[in-house]
Number of protein chains: 2
Amino acid sequence: MVKGFKYAGISAGIKKKEGKDLALIYSDEPLSVAGVFTTSKVKAAPVILDMERIAQGKARAVIINSGNANACTGPQGLEDAKGIAHAVAKEMNLKDEEVLVCSTGVIGQRLPLDKIEAAVPDLVSSLNEGGDDDVARAIMTTDSFKKAFSLSKEINGTLVTVGGIAKGAGMISPNMATMLSFVMTDAVIKPEMLSHALKVATEVSFNCITVDGDMSTNDTVIALASGVSGAEINEGSAGHLTFLSMMKEVMITLAKMIVSDGEGATKLIEINVRGAETPAEAKKAALKIANSPLVKTAFYGEDANWGRIAGAVGGADIRMDESRLDIFFDDVQLVKGGLFTGDEAEKSATAVMKKKEVVLTVEINLGTHESTIWTCDLTHDYIRINAEYRS
Amino acid sequence: MVKGFKYAGISAGIKKKEGKDLALIYSDEPLSVAGVFTTSKVKAAPVILDMERIAQGKARAVIINSGNANACTGPQGLEDAKGIAHAVAKEMNLKDEEVLVCSTGVIGQRLPLDKIEAAVPDLVSSLNEGGDDDVARAIMTTDSFKKAFSLSKEINGTLVTVGGIAKGAGMISPNMATMLSFVMTDAVIKPEMLSHALKVATEVSFNCITVDGDMSTNDTVIALASGVSGAEINEGSAGHLTFLSMMKEVMITLAKMIVSDGEGATKLIEINVRGAETPAEAKKAALKIANSPLVKTAFYGEDANWGRIAGAVGGADIRMDESRLDIFFDDVQLVKGGLFTGDEAEKSATAVMKKKEVVLTVEINLGTHESTIWTCDLTHDYIRINAEYRS
């Protein structure tokens with residue numbers, strides 16, 4: 001997927017169900033590394049460990065397991081996370097501090113350290129340049145499809161690739177909700193600049209999606225730059241802007257894949273709030289709509305129920321004037337100046353609602369700020385998946 | 001139900017389905033009146049009208065329709081609300097300002113004023129002292145049972161009654177979510193004191209329930225005091241405290257009925273957060289848990305999934321320390337100091353989860369403040385009801 005990296009994904013028997021559940025991403029060369037993490041007060045052990053290790057800036061390998069989150073596991077959990085990293089370091093002749101750890105799955109149960117330790121030699125010997133597909137599969141939990149995307153562009157005459165892998169379907173909310181993502185590049189970029197690019201791109205991608213408004217204990221996005229393309233990213237250059245736009249495009253694509261795979265989702269909904277007084281108010285309104293169970297079930301029912309959208313905006317604690325409110329389903333205007341535009345428009349809006357992807361635009365008409373949030377509908381399958389999980 | 005009032009509930013053909021949909025509460029004598037209303041920026045026409053009229057303090061009658069919310073209907077909607085009040089006033093020889101109006105139902109469609117005007121003579125002639133049951137039925141929308149409760153106590157040697165009627169099942173959230181409630185008393189109490197009692201009691205009852213985190217355009221609680229018992233409520237007296245506790249008990253009982261009847265609900269869940277640094281943080285954490293779809297579906301699945309509860313608290317943006325967190329299902333402690341207490345406790349907690357009413361207690365162990373929120377589980381029927389509504 002991206003030059004300078006090797007990948008592996010195998011089954012170590014961590015998940016209850018059959019399938020790959022242990023992955024490794026590795027570079028022969030020293031890497032530039034950056035990370036963004038859950039803002040939850042309850043942070044999983046691997047998150048605590050990675051935050052420390054990324055600050056030291058020395059990582060060469062990331063080991064990831066699915067099936068167990070190693071969250072709410074106390075001091076023992078931190079020891080277990082260090083234990084996994086140690087197993088990889090020992091096998092590969094690395095320092096412990098050069099190995100990052102990510103976990104996803106059930107909360108509050110001790111990690112099966114023995115199973116993982118036993119699988120590490122196999123994992124390491126499976127490393128190969130084409131193994132990114134195995135990584136994408138091994139990190140899946142309730143995901144119904146694997147999520148990977150990469151693109152290449154010339155920077156200063158040299159082809160640079162940015163490629164990402166992600167997992168996540170439920171427990172998705174802005175501010176890094178249960179999802180893991182690994183973004184690799186072969187550009188030559190300093191850790192500070194990589195960290196800045198990662199933060200900027202996260203803000204417009206993973207922090208703009210919501211499935212159910214819940215934030216996870218384990219959310220992590222790690223960026224790794226191998227530098228093997230030789231293309232140097234210099235601060236403020238045209239190449240820097242190209243690199244930033246590549247990071248955004250890769251991460252927005254992965255973020256939309258996560259929402260499309262929202263637990264039980266049948267529709268991808270893009271919510272644009274325009275004309276708000278501040279960017280924060282635009283985002284608050286967009287999130288209020290996106291997280292409203294009444295709005296989400298109306299989408300599932302393919303009902304252009306604009307009253308629920310107006311109700312959600314009204315409850316969003318932002319400045320607004322009902323008599324200025326416009327609402328569009330794709331390009332069909334169903335509300336103008338706070339009032340229903342009529343049965344003809346409703347018929348068109350109902351046709352829009354039958355599509356797999358719908359763009360909802362809410363025009364506040366007070367200011368100049370806007371926000372885009374992606375979400376999905378709330379369905380019977382969401383209930384089934386989450387009422388049955390663990391049992 | 002309460003002396004000094006007459007009630008009526010009839011069918012006027014406003015609802016699509018058969019059944020009563022128009023109600024009237026009336027007093028021969030001048031009343032003390034108070035109201036609390038939705039804090040949504042999008043307020044329904046009857047809410048705007050009642051806020052004005054209650055400030056004038058002259059009401060004698062309340063007309064209520066279900067089947068149409070008269071919300072998002074602009075200046076025409078306000079004219080229609082005035083029109084209904086006028087029809088009642090004309091029929092009963094009252095001033096227009098003496099009639100309050102409440103509406104609940106679909107948003108954004110014009111009220112069928114002609115049908116309501118045609119039904120008003122019937123409605124007025126149906127008024128009788130035992131008609132409170134008809135009112136409770138006529139104001140129902142997606143409610144599956146009628147909600148009424150009253151109690152009587154002696155104040156200064158005189159029996160005083162406080163009785164309430166409520167409707168609401170979906171779109172319920174604190175800060176007055178789609179629900180209507182009418183609280184009647186025969187006590188003699190000044191409007192300012194009645195208004196204060198109503199606000200205090202709302203804060204610990206209707207503002208402490210949530211079904212789906214959505215707030216309505218129409219939420220209204222109106223308190224009416226006929227004074228016919230002759231029992232005077234004097235500020236700061238023992239009788240005043242008795243009256244306040246009666247208001248709270250009636251309104252908490254109605255509030256819990258609404259949650260029990262949450263759309264699709266199979267369980268009533270009481271969430272107690274204790275040991276928070278401030279009352280606001282306690283309430284924020286309790287609401288975060290109560291509105292988490294992952295927590296609500298776990299209750300539906302009868303799974304004591306404490307990890308989702310810890311995750312919700314962690315994401316609640318309050319001060320907390322994971323290593324101090326305790327979680328109880330009824331009196332079964334499943335988490336102590338942030339850690340799982342073991343399989344034996346889980347077995348007991350799983351038994352608790354099979355009950356129709358479960359008390360969840362989350363002990364933050366940092367401060368002295370607490371909050372109680374009532375909610376229900378999130379089920380297949382919630383999806384069915386809300387995906388099909390309108391169609």
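Listed values, structure above:
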{"item": "Test for B:V335: is it within 13 Å of chain A (Cβ to nearest Cβ), among the hydrophobic types (A, V, I, L, M, F, W, C) and closer than 18 Å to B:C376 by Cα", "result": "no"}
{"item": "Filtered residue count, the stretch B:371-387, keeping only those that are surrounded by fewer than 19 Cβ atoms within 10 Å (Cβ to Cβ) and acidic (D, E)", "result": "1"}
{"item": "Residue match in the stretch B:234-248 (condition: closer than 18 Å to A:V42 by Cα, buried (at least 24 other Cβ atoms within 10 Å of the Cβ) and either more than 13 Å from every other protein chain (Cβ to nearest Cβ) or in contact with a Ser or Thr (Cβ under 8 Å, 6 or more places away or on another chain) (or both))", "result": "no"}
{"item": "Test: residue in the stretch B:371-378 that is out of contact with any Cys (no Cβ under 8 Å at 6 or more places or on another chain), within 21 Å of B:I258 (Cβ to Cβ) and facing another protein chain (nearest Cβ under 8 Å)", "result": "yes"}
{"item": "Criterion: buried (at least 24 other Cβ atoms within 10 Å of the Cβ) and over 23 Å from the mean Cα position of the chain (by Cα) - qualifying residue of B:L100, B:L159, B:L180, B:L111", "result": "B:L111"}
{"item": "Residue list for the stretch A:316-341, filter: at positive phi and touching a strand residue (DSSP E or B) at 6+ places or on another chain (Cβ under 9 Å)", "result": "A:D330, A:G337, A:G338"}
{"item": "In the stretch A:296-315, the residues that are hydrophobic (A, V, I, L, M, F, W, C) and more than 8 Å from chain B (Cβ to nearest Cβ)", "result": "A:F299, A:A304, A:I309"}
{"item": "Residues located in the stretch A:267-295, provided they are among the acidic types (D, E) and either at the interface with chain B (Cβ under 10 Å from one of its Cβ atoms) or part of a helix (DSSP H, G or I) (or both)", "result": "A:E281"}
{"item": "A:G307, sole failed condition from (1) closer than 23 Å to A:K267 by Cβ; (2) of a type outside the set (S, T, N, Q); (3) touching a residue at least 12 places away in the same chain (Cβ under 8 Å); (4) crowded, with 21+ Cβ neighbours inside 10 Å", "result": "(3)"}
{"item": "Pairs, first on the phi > 0 side of the Ramachandran plot and in the same structural domain as A:V33 (by TED's automatic domain parsing) in the stretch A:222-235, second of a type in the set (D, E) and in a loop (DSSP other than H, G, I, E, B), C-beta under 8 Å, six or more apart", "result": "A:G227/A:E29; A:G227/A:D186"}
{"item": "In the stretch A:50-63, the residues that are in contact (Cβ under 8 Å) with a residue 60 or more places away in the chain, on the phi < 0 side of the Ramachandran plot and in contact with a helix residue (DSSP H, G or I) (Cβ under 7 Å, 6 or more places away or on another chain)", "result": "A:A59, A:I63"}
{"item": "Residue that is modelled with pLDDT of 90 or more, closer than 28 Å to A:L378 by Cβ and outside any loop (DSSP other than H, G, I, E, B), where the choices are B:M193, B:M251, B:M257", "result": "B:M257"}
{"item": "Top-ranked residue of the stretch A:202-237 - restricted to ones that are out of contact with any strand residue (DSSP E or B) (no Cβ under 8 Å at 6 or more places or on another chain) and in a helix (DSSP H, G or I), ranked as nearest to B:A290 (Cα to Cα)", "result": "A:N207"}
{"item": "Residue in the stretch B:9-20 that is assigned by TED's automatic domain parsing to the domain that holds B:V99, acidic (D, E), farther than 17 Å from B:G108 by Cα and under 18 Å from the mean Cα position of the chain (by Cα) present", "result": "no"}
{"item": "Single residue of the stretch A:72-85 satisfying the filter (in contact (Cβ under 8 Å) with a residue 12 or more places away in the chain and not aliphatic (A, V, I, L, M)) that is farthest from B:G311 (Cα to Cα)", "result": "A:G83"}
{"item": "In the stretch A:321-369, the residues that are within 25 Å of B:T38 (Cα to Cα), at pLDDT 95 or above, among the hydrophobic types (A, V, I, L, M, F, W, C) and buried (at least 19 other Cβ atoms within 10 Å of the Cβ)", "result": "A:L325, A:I327, A:L334, A:V335, A:V362, A:I364"}
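Residue-wise test of (1) at pLDDT below 95; (2) outside the structural domain of B:M251 (by TED's automatic domain parsing); (3) under 15 Å from B:N218 (Cα atoms); (4) of a type in the set (D, E).
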site: B:Q76; (1), (2), (3), (4): no, no, no, no
site: B:K82; (1), (2), (3), (4): no, no, no, no
site: B:C102; (1), (2), (3), (4): no, no, yes, no
site: B:E129; (1), (2), (3), (4): no, no, no, yes
site: B:A169; (1), (2), (3), (4): yes, no, yes, no
site: B:S173; (1), (2), (3), (4): yes, no, yes, no
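The values are calculated or read from the model by the stated rules, or taken from the named source; none is laboratory data. Here the structure is a predicted model, which means the values were calculated and not measured. Because the Cβ atoms are built from the backbone with ideal geometry, glycine has one as well, and the counts that use them run over all protein chains shown.
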